[in-house]
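Asker: Pasting a structure here, questions to come.
Readers should treat all values here as calculations from the given coordinates under stated rules, not as data from a laboratory. Model, not experiment: these values are computed from the prediction. For neighbour counting, all protein chains shown are included, and Cβ atoms are generated from backbone atoms with ideal geometry for every residue, glycine included.
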Amino acid sequence: MPLNAQIPSGPLAQKWEQYKFDLKLVNPANKRKFDLLVVGSGLAGASAAAALAELGYRVKCFCFQDSPRRAHSISAQGGINAAKNYANDGDSVYRLFYDTLKGGDFRAREANVYRLAQVSGAIIDQCVAQGVPFAREYGGLLANRSFGGAQVSRTFYARGQTGQQLLLGAYQALCRQIGLGTVKMFPRTEMLDLVVVDGHAQGIVVRDLVTGQISSHAGDAVVLATGGYSNVFFLSTNAKGCNVTAIWRAYKKGAFFANPCYTQIHPTCIPVSGEHQSKLTLMSESLRNDGRVWVPLHKADRAKPPAAIPETDRDYFLERKYPSYGNLAPRDISSRAAKEACDAGRGVGPGGLGVYLDFADAIQRLGQPVIRDRYGNLFDMYEKITGENASQVAHAHLPCRALYHGRHVGGLQSHEHAAGPVRHRGSQFLRPRRQPPWCQRPDARFGRWLFRPPLHPRPLFGHRQTPPPGHQPR
Ligand SMILES: Cc1cc2nc3c(=O)[nH]c(=O)nc-3n(C[C@H](O)[C@H](O)[C@H](O)COP(=O)(O)OP(=O)(O)OC[C@H]3O[C@@H](n4cnc5c(N)ncnc54)[C@H](O)[C@@H]3O)c2cc1C
């Protein structure tokens with residue numbers, strides 16, 4: 001199988017617009033003749049199913065949870081980036097494109113990243129229209145905050161529960177289509193195999209997890225929106241269900257799998273509490289907006305309570321090493337710097353594997369109520385898991401450590417028509433018979449340690465669905 005990305009030609013900023021125009025449209029009456037199978041109903045799958053059904057296609061959607069609302073997307077905390085430049089701090093489509101490309105170590109497909117930046121604003125609009133309760137300023141305008149790896153404020157968020165709120169929005173859109181009869185939902189159903197005819201995905205075999213009954217479903221295109229595989233890593237943020245079963249089965253049927261080790265390491269999580277633990281809990285990177293990261297300057301001070309260590313004996317290593325980004329240095333850089341400090345014997349907390357995230361300055365500057373308002377649910381989560389009094393911690397020093405995070409840039413290979421780029425957590429379109437499918441998902445999974453693109457595939461799905469020239473429904 002030749003690896004041909006089939007990136008549209010032309011200048012970067014016009015590639016997709018021209019490509020969209022070149023594609024033939026399908027008239028509404030013909031859309032009803034196509035059957036589409038969507039495996040997965042997280043942010044990616046639920047949005048794809050709802051958007052495709054809204055367009056008029058006949059959709060079947062499968063997931064192994066008892067409800068689409070249980071998809072692991074629910075755990076996403078921090079937010080979603082868009083180049084709306086509400087903060088008037090110099091943001092632009094090109095800057096989001098550039099930051100994202102850089103955050104992905106320049107490995108992503110530029111055309112896809114550019115498209116993602118181009119449609120980022122529309123994604124926020126769509127989410128708002130669906131009722132996602134993004135944070136707002138006092139005057140009612142949507143609020144923005146900063147995240148690692150960016151020097152502008154472009155992250156739209158719903159406290160520390162952005163994924164949950166987005167999923168509820170997508171779920172409602174999906175439910176609407178289920179109610180209209182355009183999507184048939186199959187919860188508690190696991191995809192066991194992919195049906196491939198003449199090299200093209202034409203169906204799936206599934207098992208009903210309640211009755212054990214096995215059945216097969218035929219379709220003109222198969223969408224694998226089956227999430228990440230980070231469960232393969234010890235102490236990751238991913239649920240046991242993020243088990244790569246669907247894309248593994250596609251791989252067994254001949255699809256290519258790329259870059260499985262390309263997984264994000266996140267610098268802020270709740271430290272491990274004992275040997276019984278195989279998962280870690282993320283604390284949103286938003287905490288680094290106001291929290292300052294430090295370790296004791298001298299090894300001997302490690303065991304001291306943090307408040308007993310004077311400023312002069314602290315090493316605010318991110319501010320020292322990366323003054324232009326400070327505590328908002330990109331995730332990989334921050335994680336690596338924290339590891340270096342721990343390897344040098346200056347780590348704190350259990351096993352000396354943590355660093356402090358300190359809110360004392362921010363509390364002094366803004367007051368406890370403001371900090372509580374911004375991060376209260378994250379402090380509560382910290383308290384529930386560690387048993388440490390959150391307000392005490394918030395007053396002072398929240399230990400944190402790096403972890404494998406639920407973002408995976410590896411996944412099934414596909415080309416631009418089929419899915420955008422290869423790299424993603426596994427949510428992919430597979431080629432239908434004849435021509436590539438008509439569902440573009442320019443997800444551009446650049447994402448090492450970046451800033452928010454993973455929540456984007458959701459509305460991106462809704463942006464264009466056009467069958468390839470000459471495609472006939474089954
Ligand atoms: C703790 C945490 C915080 C995060 N924070 C952010 C953030 O702030 N911003 C951001 O942009 N991203 C964030 N992410 C990443 C983002 O949440 C995910 O990348 C994204 O939600 C994945 O969506 P998905 O629809 O591809 O996968 P999922 O939500 O995991 O959905 C997968 C779906 O596939 C189904 N499935 C899987 N295998 C099978 C099978 N064999 N048969 C049938 N169904 C199957 C499942 O049932 C499920 O419905 C975070 C992730 C985590 C874990």
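Asker: Specify, per residue and in Å³, the volume enclosed by the convex hull of the alpha carbon atoms belonging to the range 180-310.
Answerer: Details: hull volume 27.5 nm³, N = 131.
With only Cα atoms used, the range 180-310 gives 210 Å³ per residue.
Asker: List the residues whose amide H sits under 5 Å from the amide H of GLY203, counting only those 5 or more places along or on another chain, with H placed 1.01 Å from N in the peptide plane.
Answerer: For GLY203, whose amide H was placed from the backbone, the distant partners under 5 Å are VAL195, GLY219.
Asker: Mind ranking 32-40, 80-88, 297-305 by how tightly packed they are, going by the mean number of other C-beta atoms within 10 angstrom, highest first?
Answerer: Values: 32-40: 24.1, 80-88: 20.4, 297-305: 13.1.
Listed from highest to lowest mean packing, they are 32-40, 80-88, 297-305.
Asker: Would you mind ranking HIS217, HIS72, HIS276 so that the residue whose beta carbon has the fewest other beta carbons within 10 Å leads the list? Spell out each step's value before the answer.
Answerer: Working: HIS217 20, HIS72 23, HIS276 6.
Taking fewest neighbouring Cβ atoms as first place, the list is HIS276, HIS217, HIS72.
Asker: Something else now. How do TRP16, TRP248 rank when sorted from fewest to most other Cβ atoms within 10 Å of their own Cβ? Numbers along the way, then the final one.
Answerer: Details: TRP16 24, TRP248 16.
The most exposed by this proxy come first: TRP248, TRP16.
Asker: Return the equivalent ellipsoid semi-axes of the range 269-403 as a descending list in whole Å, where each equals the square root of 5 times an eigenvalue of the C-alpha gyration tensor. Write out the running numbers ahead of the final one.
Answerer: Values: eigenvalues 78, 68, 46 Å².
Whole-Å semi-axes of the equivalent ellipsoid: 20, 18, 15.
Asker: While we're here: Please list, in order along the range 235-248, the HN-Hα scalar couplings obtained from phi with the Karplus expression 6.51 cos²θ - 1.76 cosθ + 1.60 (θ = phi - 60°), rounded to whole Hz, x for Gly and Pro.
Answerer: Along the range 235-248, the couplings run 6, 9, 8, 8, 6, 4, x, 7, 10, 6, 4, 5, 6, 5 Hz.
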